[in-house]
Amino acid sequence: MTTQFGKGCHLHLIDGSAFIFRAYHALPPLTRKSDGLPIGAVSGFCNMLQRYISDNTGSDAPTHVAVIFDKGSHTFRNDLYDQYKANREAMPEDLRPQMPLTREATRAFNIACHEIEGYEADDIIATLSVQAREAGGRVTIISSDKDLMQLVGGGVEMFDAMKNRRIDVEGVEEKFGVGPDRVVDVQALAGDSVDNVPGAPGIGIKTAALLINEYGDLETLLDRAGEIKQPKRRETLLEKREQIELSKKLVTLDENTPLDFTLDDLEVKDPDADVLLEFLAQMEFRTLTKRVADTLGAEAPAIADTPAAASSTDSVAPEWSAIEPDKYERVSDMVALNRWIAQITALGYVAVDTETTGLNDMQADLVGISLSTAPGTACYIPLTHRDGDSDDLFGSDKLAEGQLGLDETLKALKPLLEDPAILKIGQNMKYDAKIFVRYGVYVAPFDDTMLMSYALHAGIHGHGMDTLSDRYLNHTPIPIKSLLGTGKSAITFDKVDIEEAVKYAAEDADITLRLWMTFKSELHRAQVTTVYETLERPLSPVLAQMERHGVLVDRETLSRMSNAFAQKMAGLEAEIHKLAGRSFNVGSPKQLGEILFDEMGFEGGKKGKTGAYATGVDVLEDLATEHDLPARVLDWRQLSKLKSTYTDALQNHIDPDTGRVHTSYSQTGASTGRMASTDPNLQNIPVRTEEGRRIREAFIAAPGNTLISLDYSQIELRILAHVAGIDALKQAFRDGMDIHAMTASEMFGVPIEGMDPMVRRQAKAINFGVIYGISGFGLARNLRIPRSEAQGFIDRYFERFPGIRTYMDETVTFAKEHGYVQTLFGRKINTPEIAAKGPRAGFAKRAAINAPIQGTAADVIRRAMIRMPEAIKDIPCKMLLQVHDELLFEVQEGAEDQLIAAARSVMEGAANPAVHLDVPLVVDAGQGSNWAEAH
DNA sequence: CTAGAGCGCTCG
DNA sequence: GTACGAGCGCTCTAGC
């Protein structure tokens with residue numbers, strides 16, 4: 001029985017391609033258990049279809065529905081403009097085989113499914129929308145694509161399924177500043193970097209809307225462009241007219257796509273239970289198959305039980321309730337707080353988040369605490385919010401009404417947060433733990449979703465909560481900026497209205513809990529549970545303690561140096577201006593480039609992408625042989641760097657309470673497993689030049705103490721010798737030989753005794769080059785020799801140590817096959833770019849070669865750091881800093897030798913017992929009253 | 001006035 | 001067009 005499409009009918013058009021990409025990016029790369037077929041996007045797609053169907057059963061259910069896909073990459077738009085969508089990335093390899101499966105899935109759900117060669121889905125959607133509207137029906141387009149907004153109006157609406165929001169004419173006006181009928185005009189002007197629609201350079205959506213509203217439409221605007229007052233805009237519109245008109249053609253949807261079906265063919269049909277369940281079972285979606293079977297009142301077909309059946313492939317697809325910030329609880333009294341505590345105690349775990357007055361965990365004060373026990377169930381306990389509604393200078397210091405006392409709340413929560421039987425879950429727990437310590441609360445045990453994400457996905461994306469929420473929960477959290485504002489007018493969290501704070505803060509705890517549930521089982525499946533539990537989680541409290549202790553920095557020394565630098569710089573500046581013949585800003589590479597290459601006439605100036613001359617150290621060193629000016633600029637730059645980045649900036653980082661500098665280590669910042677130090681970065685304090693090294697004299701031991709530095713000797717080369725199995729190198733390390741001299745001797749056949757230092761230097765450069773994924777170009781530039789000569793060195797090196805080439809080739813092959821490489825301790829470093837084409841391929845290869853070496857070295861020192869507190873607990877000392885292969889300690893005078901022995905033993909044995917290295921690890925030690933002496 | 005990109009330089 | 005991995009200060013520009 002079919003009905004003619006007409007008045008009273010309601011057509012739903014689903015943007016299928018958008019669904020697929022959303023599903024693909026939202027989920028980890030799942031594969032079908034039985035044969036390894038990539039299936040993540042199909043899984044997400046099916047979950048979305050299922051959810052769509054169950055959400056659309058009410059009185060406003062559609063009478064007609066279709067899923068529309070893109071087909072082919074070449075459309076009429078490419079004929080108009082060959083750069084259209086030209087910078088779009090190629091479809092990921094593991095997504096391609098899933099495309100036909102999404103069509104199958106749609107048909108299995110018994111939903112019409114259409115695509116037409118040479119047309120984008122948007123054009124088909126446009127054509128159907130117009131036909132349906134003209135037939136007197138209503139249309140809802142399930143998509144959030146702004147390119148479709150031109151269709152809205154006259155019975156056509158859009159629905160953003162992710163945000164659960166309808167988009168009507170008003171919504172379009174909000175987005176574009178004009179009605180749907182003028183959207184294409186605005187798009188033609190604003191362009192679109194994603195689709196590579198050029199538009200008018202320098203004009204964005206805001207300006208475009210302004211112009212269109214003033215002139216009525218694009219054609220009138222272009223005809224009367226000469227009247228525009230702003231010179232830049234006028235020029236652009238006059239000059240780029242053709243480009244703008246082309247852009248309009250590109251963004252205008254084709255409403256006359258030739259269709260091989262009619263609206264009547266799209267009538268809603270119930271799914272055939274047998275067909276649908278068979279498809280889902282074939283895909284091995286256990287959870288979804290069961291759920292669909294329940295809804296249809298049918299029996300779920302059996303799915304072959306594999307060992308991993310307990311964690312079926314689609315179980316990570318979020319199936320929880322939507323995130324609704326309006327439903328969170330505000331805890332204002334002890335009765336409610338005790339109810340939460342009882343619930344958490346019975347449950348055994350809780351997600352925790354703190355809100356504070358700032359990002360500096362040594363200074364920020366606690367403002368409130370949020371807790372979550374289940375998806376959608378979360379609360380916020382405001383503690384020290386201030387009354388914000390008064391302009392009175394004193395009024396703003398008054399505590400707001402309806403808050404529990406800080407002391408009584410912490411007293412009630414302390415037993416729970418310290419209870420060894422209750423797991424505390426946090427996102428970047430190091431921050432919250434450091435805050436709590438300052439209030440006498442020692443959080444343990446804990447899980448950290450940021451570290452879980454890092455163990456799973458290092459190298460793929462960031463691990464901040466916003467990124468993770470977007471990716472794994474399909475949800476964009478409330479931006480903190482919407483509460484605090486930005487820049488000078490920004491407020492601190494204690495000034496935020498409590499009702500707003502509840503939504504924001506409790507949402508963070510809710511999201512953290514959901515992420516934990518998602519990652520928990522995934523760790524096992526990815527076989528990184530051990531990495532997380534032995535290399536990530538236990539390091540966090542060690543870092544927290546180092547950061548809290550800080551390193552003593554002498555302000556007087558820095559200040560004296562700053563003054564000395566300022567004087568020298570002033571002298572150099574005068575000299576430079578004289579040599580240049582006029583005054584200019586020496587600190588501006590742009591101005592310097594113009595002086596050198598335009599005014600003074602030096603040859604060989606190369607411009608970068610911004611059109612400015614390059615004036616880096618390589619360029620200036622070359623020019624310095626011809627003229628004094630570039631040489632003086634190099635001197636000036638060295639001083640300027642030391643002053644601004646070190647002697648000035650470090651003073652601002654001295655904590656007023658402790659008199660020490662407290663860096664912050666980011667455990668998830670570097671993809672290889674290294675730490676990164678920030679605020680300030682204490683891992684790049686100068687050491688290579690004599691003048692720079694003197695800055696380390698300002699890093700001092702407290703009175704009665706000594707600084708001790710222990711560093712691994714040649715750790716990366718030793719690891720290379722081990723993993724690549726180079727017998728000659730391994731033996732040299734066992735014999736304690738000079739490894740670079742030995743390499744030179746092997747390569748050039750010269751004796752080690754009385755070797756030319758230049759020859760050794762070249763061998764050293766090659767040894768390092770190998771670790772970095774050597775290239776003739778790179779080595780040539782480093783040694784400043786011709787490329788052919790460099791290539792000759794490399795060839796000879798590979799000839800003498802053939803195992804190195806084998807290791808490199810095997811590593812790259814492994815990366816291509818698996819999408820990641822591994823350290824000796826099982827850490828995975830993802831290499832998503834390894835399949836790229838062009839210059840990116842080279843980058844990805846070299847990174848893949850370097851990652852296991854750098855990463856294994858990082859793992860070794862991490863293991864040492866994790867064991868260190870126990871090993872030195874009876875020695876009066878503190879571990880202060882880590883600089884990749886070095887640890888810096890502060891120890892009471894008299895205990896130096898004891899500490900060196902204990903710490904060296906831990907460091908040299910750090911690979912054991914997990915890994916037996918064929919080469920010894922050797923640690924050098926130094927000591928002194930400051931870091932310059934100790935290093 | 002502010003945010004972000006680009007440049008340049010520091011470290012292992 | 002190129003060595004691997006990081007962070008930060010300065011200048012300059014676009015846009016509010």
How many of the residues in the stretch A:755-781 are in a loop (DSSP other than H, G, I, E, B) and within 9 Å of DNA strand C (Cβ to nearest atom)? 4
Breaking point among (1) under 28 Å from A:Asn830 (Cβ atoms); (2) surrounded by 16 or more Cβ atoms within 10 Å (Cβ to Cβ), for A:Glu533: (2)
Within the bounds of the stretch A:729-739, is there any residue that is crowded, with 18+ Cβ neighbours inside 10 Å, within 16 Å of DNA strand B (Cβ to nearest atom) and of a type in the set (A, V, I, L, M, F, W, C)? yes
What pairs come out if I take residues in the stretch A:590-608 that are within 13 Å of A:Leu620 (Cα to Cα) and assigned by TED's automatic domain parsing to the domain that holds A:Asp622 and pair them with residues that are small (Gly, Ala, Ser) and assigned to a helix (DSSP H, G or I) whose C-beta lies under 9 Å away, six or more apart or interchain? A:Leu592/A:Ala580; A:Ile595/A:Ala580; A:Leu596/A:Ala580; A:Gly605/A:Gly593
Condition check: of a type in the set (Gly, Ala, Ser), without any contact (Cβ under 8 Å) to a residue 60 or more places away in the chain, in the same structural domain as A:Asp333 (by TED's automatic domain parsing) and within 16 Å of DNA strand B (Cβ to nearest atom). Does A:Gly405 satisfy that? no
Given (1) within 11 Å of DNA strand B (Cβ to nearest atom); (2) touching a Gly at 6+ places or on another chain (Cβ under 9 Å), A:Asp622 misses just (1)
Among (1) more than 16 Å from DNA strand C (Cβ to nearest atom); (2) part of a helix (DSSP H, G or I); (3) over 28 Å from A:Pro656 (Cα atoms); (4) not small (Gly, Ala, Ser) - the single one A:Lys590 does not satisfy: (1)
Determine, yes or no, whether A:Thr449 is closer than 19 Å to A:Ile425 by Cβ and within 16 Å of DNA strand B (Cβ to nearest atom). no
Being out of contact with any Lys or Arg (no Cβ under 6 Å at 6 or more places or on another chain), hydrophobic (A, V, I, L, M, F, W, C) and in contact (Cβ under 8 Å) with a residue 40 or more places away in the chain is the filter here; which residues of the stretch A:849-876 pass it? A:Ile849, A:Ala851, A:Ile853, A:Ala857, A:Val860, A:Ile861, A:Ala864, A:Met865, A:Ile866, A:Met868
Suppose the filter is buried (at least 21 other Cβ atoms within 10 Å of the Cβ) and either of a type in the set (Gly, Ala, Ser) or out of contact with any His (no Cβ under 8 Å at 6 or more places or on another chain) (or both); does A:Ile715 pass it? yes
The condition of being more than 10 Å from DNA strand B (Cβ to nearest atom), surrounded by fewer than 21 Cβ atoms within 10 Å (Cβ to Cβ) and assigned by TED's automatic domain parsing to the domain that holds A:Ala857 holds, among A:Glu697, A:Glu691, only for A:Glu697
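Yes/no matrix, rows are residues, columns are (1) buried (at least 20 other Cβ atoms within 10 Å of the Cβ); (2) not in a loop (DSSP other than H, G, I, E, B):
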| residue | (1), (2) |
| --- | --- |
| A:Asp94 | no, no |
| A:Glu104 | no, yes |
| A:Val139 | yes, yes |
| A:Arg182 | yes, yes |
| A:Asp185 | yes, yes |
Matching strands (runs of 3 or more DSSP E) fully within the stretch A:660-730 where at least 1 residues are in contact (Cβ under 8 Å) with a residue 24 or more places away in the chain, more than 12 Å from DNA strand C (Cβ to nearest atom) and touching a Phe, Trp or Tyr at 6+ places or on another chain (Cβ under 8 Å): A:705-712
Pairs with Cβ under 7 Å, 6+ apart, first in the stretch A:630-658 and assigned by TED's automatic domain parsing to the domain that holds A:Gly593, second surrounded by fewer than 18 Cβ atoms within 10 Å (Cβ to Cβ) and of a type in the set (Val, Ile, Thr): A:Leu634/A:Val617
Can you name the residue in the stretch A:831-866 that is of a type in the set (Val, Ile, Thr) and part of a helix (DSSP H, G or I) and is also farthest from A:Ala90 (Cα to Cα) among such residues? A:Ile866
With the requirement that a residue be of a type in the set (Val, Ile, Thr) and either over 11 Å from A:Leu366 (Cβ atoms) or in contact with a Pro (Cβ under 6 Å, 6 or more places away or on another chain) (or both), what does the stretch A:438-452 give you? A:Val443, A:Thr449
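Matching residues to (1) in contact (Cβ under 8 Å) with a residue 40 or more places away in the chain; (2) surrounded by 21 or more Cβ atoms within 10 Å (Cβ to Cβ); (3) assigned by TED's automatic domain parsing to the domain that holds A:Ala378; (4) under 21 Å from A:Thr357 (Cβ atoms):
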{"residue": "A:Phe519", "(1), (2), (3), (4)": "yes, yes, yes, no"}
{"residue": "A:Ala526", "(1), (2), (3), (4)": "yes, no, yes, no"}
{"residue": "A:Gln545", "(1), (2), (3), (4)": "yes, no, no, no"}
{"residue": "A:Glu556", "(1), (2), (3), (4)": "no, no, no, no"}
{"residue": "A:Arg560", "(1), (2), (3), (4)": "no, no, no, no"}
{"residue": "A:Gln567", "(1), (2), (3), (4)": "no, no, no, no"}
{"residue": "A:Ala570", "(1), (2), (3), (4)": "no, no, no, no"}
Out of (1) within 22 Å of A:Leu49 (Cα to Cα); (2) more than 38 Å from the chain's Cα centre (by Cα); (3) surrounded by fewer than 22 Cβ atoms within 10 Å (Cβ to Cβ); (4) among the aliphatic types (A, V, I, L, M), what's the single condition that is false for A:Leu128? (3)
Residue among A:Glu691, A:Glu716 that is in contact with a helix residue (DSSP H, G or I) (Cβ under 6 Å, 6 or more places away or on another chain) and either of a type outside the set (Val, Ile, Thr) or at pLDDT 95 or above (or both): A:Glu716
Among the residues of the stretch A:1-42, which ones are assigned to a strand (DSSP E or B) and among the hydroxyl-bearing types (Ser, Thr, Tyr)? A:Thr31
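The values are calculated or read from the model by the stated rules, or taken from the named source; none is laboratory data. Note that the structure is a prediction, hence the values are computed from the model and not measured. Don't worry about glycine lacking a Cβ; one is built from the backbone with ideal geometry, like all the others, and counts go over all protein chains shown.
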